[in-house]
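What follows is a short report on a single structure.
The values are calculated or read from the model by the stated rules, or taken from the named source; none is laboratory data. Keep in mind that what you see is a predicted model, and the values were worked out from it rather than measured. A quick note on method: Cβ atoms are made from the backbone with ideal geometry, for glycine too, and the neighbour counts reach across all protein chains shown. Calculation scope for accessible area: heavy atoms of the full protein, side chains included, ligands and nucleic acids excluded. Shrake-Rupley method; radii C 1.70, N 1.55, O 1.52, S 1.80 Å.
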Amino acid sequence: MKKLNELYDCPYETMIKDIKINSKECEEGDLFVCTMGVTADRHEFVADAVSHGAAAVVASRKVETSVPVIYVEDTNKELTLLAKRFFDHPEEKLKIIGVTGTNGKTTVASIIQDLMGRDICGYMGTNGIISHNFQEPIINTCPDADRLYKYMDRFVKSGNRYLSMEASSEALFRNRLWGVTFDVTIFTNITEDHLNIHKTKENYVAAKLKLLSLLSPKGVAILNIDDENYEKEVSVCKSEIMTYGKKESTLQIVSCEQTPSCTKIEYRYQGKTYLVESKLLGEFNAYNLAAAILTLIHYGYSMEEIVSRVKNIRVLPGRLEFLDFGQNYSILLDYAHTPDAFKKLYEVLDKIKKNRIITVTGSAGGREKEKRGLMGKIVLDHSDYVIFTMDDPRTEDVDTIIDELLTLSKDKKNYERCPDRKEAIARALSIAEKDDIVLIAGKGRDNYMALASGYVPYCDYDVIADYFTRDK
């Protein structure tokens, strides 16, 4: 807690318990900051914030209220500066590692934490905030500054010296990470996603590249040399660069062999080769692991020490996660929701399949429609049978989404429609035979379904578990 006059040059000794930008979340003693949202001007919610207990307000224009008001020029930028002061600059006490890319952010950020250890390295991203003594979900992959610095403060107090965090294109576009100085920035790959926000691929790439402007001059950018945007990344980077990939690079992927239980990878670093066996399946995970390895090399770990720690890497829930309920076929949960992700996923499955691949998938509503035709074609080309269903339809009609998934596959007959996702999963499991692979894709371990009426509790894993426990 701090007094208002400790945060600002003002006469108010009002005690401030926390910082909030959502009026409905305000509690007794909070400081409400009237930021400008994408669709909302939070100056309009001052009365609501005060009714919920806000003790003071930060605003950029005149507001009528009974509590003290601090006026600033730009509330959005002020939020970051205020949060830094309020939480005693936790960003200065952490080495911050930012991971961006279309696919692989969660995996790379999590691998780094696993290799370093949760006692010294925190994680923030899609899977929440994770340290050695807490693990909690969060609302956004990259939260606004009121939460971001609160979480950083928790990591510092937990004893973490490093923070491995995902940096989403939306967060970079919305300037949520303005004010953060990264010690390491990692680029996995940039294909195409979130065009509902960015409108064009060029804008999407530009948003990703903004991460390099937040990199410390003494930091390092770890880049995928095989990615089509590599040269663009190099052209805007002002700091040291380390590279990984199949081409000659700082850490080169010499070979990658897929088995049903592991991926055998041969890396070359400083003229010496290292054989690594990873529980993470797929060539794309050889890339993800390479990016994480270079991060530890940057921090002084030897390659020998890093290789010995690879056994500590967890298989992430909802990402190439095989589920065992005693069935004689495989059930695979994965978060894949882009053409590139599906392409890489089927590369793995094609190497380990013994019988059919049955896929259950859809496409999120309110998101870029342009990818749907290609995504549907990839799924149909690589599956023996597909059940198209809902995947966070929001305000869109599920059958219309499925129509768009089929636009490039008019001649295909190896599919059916089942708009209700629970029924679609049950249908796939009921027709599965010995040695089939049932791939349930798109939502991973998400715990919600986004409908027109709002978010409702839902989880693919729970649906699958229920199928095997209920009376049939």
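Structure above, values below:
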{"quantity": "Segment 268-294, subset open to solvent by 30 Å² or more (accessible area, probe 1.4 Å) and within 24 Å of the chain's Cα centre (by Cα), residue farthest from Ile352 (Cα to Cα)", "calculated": "Tyr287"}
{"quantity": "Restricting segment 1-23 to residues that are more than 27 Å from the chain's Cα centre (by Cα) and either hydroxyl-bearing (Ser, Thr, Tyr) or modelled with pLDDT under 95 (or both), the residue that is most open to solvent (accessible area, probe 1.4 Å)", "calculated": "Met1"}
{"quantity": "Top-ranked residue of segment 380-393 - restricted to ones that are part of a helix (DSSP H, G or I) and not charged (D, E, K, R), ranked as surrounded by the fewest Cβ atoms within 10 Å (Cβ to Cβ)", "calculated": "His382"}
{"quantity": "Segment 211-235 residues that are in a loop (DSSP other than H, G, I, E, B), paired with ones that are among the basic types (Lys, Arg) (beta carbon under 7 Å, 6 or more apart)", "calculated": "Ile225/Lys247; Asp226/Lys246; Asp226/Lys247"}
{"quantity": "Boolean, Arg147 is open to solvent by 30 Å² or more (accessible area, probe 1.4 Å) and under 19 Å from the mean Cα position of the chain (by Cα)", "calculated": "yes"}
{"quantity": "Check on Lys95, within 30 Å of Leu316 (Cα to Cα) and open to solvent by 20 Å² or more (accessible area, probe 1.4 Å)", "calculated": "yes"}
{"quantity": "Condition check for Asp435: open to solvent by less than 70 Å² (accessible area, probe 1.4 Å) and either among the polar types (S, T, N, Q) or modelled with pLDDT under 95 (or both)", "calculated": "no"}
{"quantity": "Qualifying residue in segment 64-86 (condition: open to solvent by 10 Å² or more (accessible area, probe 1.4 Å) and at positive phi)", "calculated": "no"}
{"quantity": "Tally of residues being open to solvent by 80 Å² or more (accessible area, probe 1.4 Å) and either among the small types (Gly, Ala, Ser) or closer than 18 Å to Arg147 by Cβ (or both) across segment 24-44", "calculated": "4"}
{"quantity": "Residue identified as modelled with pLDDT of 95 or more, of a type outside the set (Lys, Arg), crowded, with 20+ Cβ neighbours inside 10 Å and not in a helix (DSSP H, G or I) among Met152, Met165", "calculated": "Met165"}
{"quantity": "Residues being more than 13 Å from Phe86 (Cα to Cα), in contact with a helix residue (DSSP H, G or I) (Cβ under 7 Å, 6 or more places away or on another chain) and not hydroxyl-bearing (Ser, Thr, Tyr) - total across segment 1-23", "calculated": "4"}
{"quantity": "Residue match in segment 394-404 (condition: open to solvent by less than 10 Å² (accessible area, probe 1.4 Å) and assigned to a loop (DSSP other than H, G, I, E, B))", "calculated": "no"}
{"quantity": "Inter-residue pairs, beta-carbon under 8 Å, first under 16 Å from Ser66 (Cα atoms) and part of a helix (DSSP H, G or I) and in segment 25-47, second of a type outside the set (Lys, Arg) and open to solvent by 90 Å² or more (accessible area, probe 1.4 Å), 6+ apart", "calculated": "Val46/Glu64"}
{"quantity": "Count - residues of segment 104-149 that are part of a helix (DSSP H, G or I) and under 21 Å from Trp178 (Cβ atoms)", "calculated": "7"}
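This table checks each residue for (1) out of contact with any Phe, Trp or Tyr (no Cβ under 8 Å at 6 or more places or on another chain); (2) assigned to a helix (DSSP H, G or I); (3) open to solvent by 10 Å² or more (accessible area, probe 1.4 Å).
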site: Met242; (1), (2), (3): yes, no, yes
site: Ser249; (1), (2), (3): yes, no, yes
site: Glu266; (1), (2), (3): no, no, yes
site: Ile297; (1), (2), (3): no, yes, yes
site: Lys311; (1), (2), (3): yes, yes, yes
site: Gln327; (1), (2), (3): no, no, yes
site: Ala336; (1), (2), (3): no, no, no
site: Lys343; (1), (2), (3): yes, yes, yes
